[in-house]
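Structure first, commentary second.
Readers should treat all values here as calculations from the given coordinates under stated rules, not as data from a laboratory. If you're wondering where the values come from, they're calculated on a predicted model, not measured in any experiment. Cβ placement follows ideal geometry from the backbone for every residue including glycine, while neighbour counts extend to all protein chains displayed.
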Amino acid sequence: MIIVNGKNVDFVENETISGLLKRMKYVFPNVVVKINGELVKRTDFLGTIVPDKSEVSVIHMISGG
Amino acid sequence: MNAQKSNKIKMKLQKSSVGIAGAGGLGSNVAVSLARAGIGRLVIVDFDSVEENNLTRQYYFRDQIGMIKVEALKQTIHRIDNSVNVDIFNYKLMKNTMDEPFHNVDVIVEALDSSDIKTMFIEEVMQKLPNVPVVGCSGVAGYGHSDRIITKKLGKLYMVYDEKAKDCNDDMLIAPRVILMANWQANIVFELILGEDK
């Protein structure tokens, strides 16, 4: 089990951040992701595996300012 | 409030400095709010000039149309309080040097426009200046739905956030919500500088 934005989500072995975002249907192009408090750069989404029992936070960055 | 406490807060604010990336709807309103409230030094970075259509939400005036935004904003701040130190940089923040103007500030406000630049800025600044809190904003377009706005805290990143808002290319940017969220950011800055109000 992992926690994504406060919700319990099934753990999938060897799932990357990109895979998790796809599974969660987070379709926004720009997101800020933290896993267990560590910020992960977008360029590392394909190469970073989400470990079991992780706490993942995803924030969509929406244009406008 | 007693005079001693009030004086202590005033001194603390006067010694504080806040960096603001972007001087559009969010940044211009954050800057004016912080200046009115007594923050001693502001560092503001923006590359744009004031246009007529900015006036629906940004803290500029008709007679400033055509002026460089950071210069217009400095002028306005000094009309309110000329003791505020305002350091302005009239250029576009670029990848790999985004942190540079903000090395000597206590808090950084992300007040940029496109989602791409916002994300890039947050990633870079949080990596290079890991001890400085960053107050960002996402989901400012539209009107109404004030109750959907939350503060989302991720370590030292504080996001004023409405995850259901539309992109500004698909919805309007208009004063009430933009200024609400700008001042929500300014209010978080205050909390970071003074500590939680108990």
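Once you charge only the Cβ atoms, +1 for Lys and Arg and -1 for Asp and Glu, what is the size of the charge dipole of chain B about its Cα centre, to the nearest 20 debye?
Computed charge dipole of chain B: roughly 840 debye.
Given A:Val27, A:Val4, A:Leu39, which one lies farthest toward the positive end of the charge dipole of chain A, if we put +1 on the Cβ of every Lys and Arg and -1 on the Cβ of every Asp and Glu?
Most positive-ward Cα: A:Val27.
Over the range B:60-132, what is the relative contact order in percent, taking alpha-carbon pairs closer than 8 angstrom and at least six residues apart?
Rounded, it is 25 percent for the range B:60-132.
The range B:8-94: which GluC sites (Glu not before Pro) are DSSP loop and have at most 13 other beta-carbon atoms within 10 angstrom?
B:Glu51
Could you tell me whether the range A:1-56 comes out rounded, prolate or oblate from its Cα gyration tensor? Rule is a ≥ b ≥ c as square roots of the eigenvalues, rounded for a/c under 1.5, then prolate if a/b exceeds b/c, otherwise oblate.
rounded
Taking θ = phi - 60°, what integer Hz values does the Karplus form 6.51 cos²θ - 1.76 cosθ + 1.60 yield along the range A:16-22, in sequence order, with x for Gly and Pro?
Values, residue by residue: 7, 4, 4, x, 5, 4, 5 Hz.
Report, in deg cm²/dmol and to the nearest 500, the calculated mean residue ellipticity at 222 nm for chain B, where each DSSP H run with n ≥ 4 adds -39500 (n - 2.57) and the sum is divided by the residue count.
Dividing the helical sum by the residues of chain B leaves -11500 deg cm²/dmol.
Going through chain A, which GluC sites (Glu not before Pro) have at most 14 other Cβ atoms within 10 Å and a DSSP loop state?
The qualifying sites are A:Glu13.
Taking the Cα centroid of the range B:57-77 and of the range B:78-143, what is the distance between the two, rounded to the nearest whole Å?
Taking the Cα centre of the range B:78-143 as reference, the centre of the range B:57-77 is 18 Å away.
Give the relative contact order (percent, whole number) for chain B; include only Cα pairs under 8 Å separated by 6+ residues.
For chain B, the relative contact order is 23 percent.
Classify the range B:55-149 as rounded, prolate or oblate from the Cα gyration tensor: take a ≥ b ≥ c as the square roots of its eigenvalues, call it rounded if a/c is under 1.5, otherwise prolate when a/b beats b/c and oblate if not.
It comes out oblate by the Cα gyration axes.
Please go through the residue pairs A:Lys41/B:Lys95; B:Lys15/B:Lys128; B:Lys128/B:Lys166; A:Lys34/B:Lys152; A:Lys7/B:Lys152; B:Lys5/B:Lys152 and name each one whose alpha carbons sit more than 21 Å apart in this structure.
B:Lys15/B:Lys128; B:Lys128/B:Lys166; B:Lys5/B:Lys152
DSSP loop trypsin sites (Lys or Arg not before Pro) in the range B:85-151 with at most 16 other Cβ atoms within 10 Å of their Cβ, which ones?
The qualifying sites are B:Lys92, B:Lys95.
Would you please classify the overall shape of chain B from the alpha carbon gyration tensor, given that a ≥ b ≥ c denote the square roots of the eigenvalues, rounded means a/c under 1.5, and beyond that prolate means a/b larger than b/c while oblate covers the rest?
The shape class here is rounded.
Quick check: residue separation of B:Lys198 and B:Gln4 times 0.36 nm, minus the Cα distance between them. What number comes out in nm?
Separation in residues times 0.36 nm, less the Cα-Cα distance, equals 68.2 nm.
Round to a whole angstrom and tell me the spacing of the C-alpha centers of chain A and the range B:153-198.
22
Which residue, chosen from B:Ala37, A:Ser57, B:Phe121, occupies the Cα position most advanced towards the positive end of the dipole of the protein assembly as shown, where the dipole is computed from +1 (Lys, Arg) and -1 (Asp, Glu) charges on Cβ about the Cα centre?
Positive-most Cα among the choices belongs to B:Ala37.
Please list the non-local residues whose amide H lies under 5 Å from the amide H of B:Val107, H modeled 1.01 Å from N, same-chain partners needing a gap of 5 or more.
B:Ser17, B:Gly19
Using +1 at the C-beta of Lys and Arg and -1 at the C-beta of Asp and Glu, which of B:Ala21, B:Asn90, B:Ile80 has the Cα lying farthest in the positive direction of the dipole of the range B:16-194?
Of the candidates, B:Ile80 comes out farthest on the positive side.
Please get the size of the charge dipole for the protein assembly as shown, origin at its Cα centre, with Cβ charges of +1 on Lys and Arg and -1 on Asp and Glu, quoted in debye to the nearest 20.
Computed about the Cα centre, the dipole is about 720 debye.
Given +1 on the Cβ of Lys and Arg, -1 on the Cβ of Asp and Glu, and no further charges, what dipole in debye does the range B:1-101 carry about its Cα centre, rounded to the nearest 20?
So the magnitude is around 640 debye.
Setting aside same-chain residues fewer than 8 positions from B:Lys12, which lysines have a Cα under 20 Å from its Cα?
Filter leaves B:Lys198.
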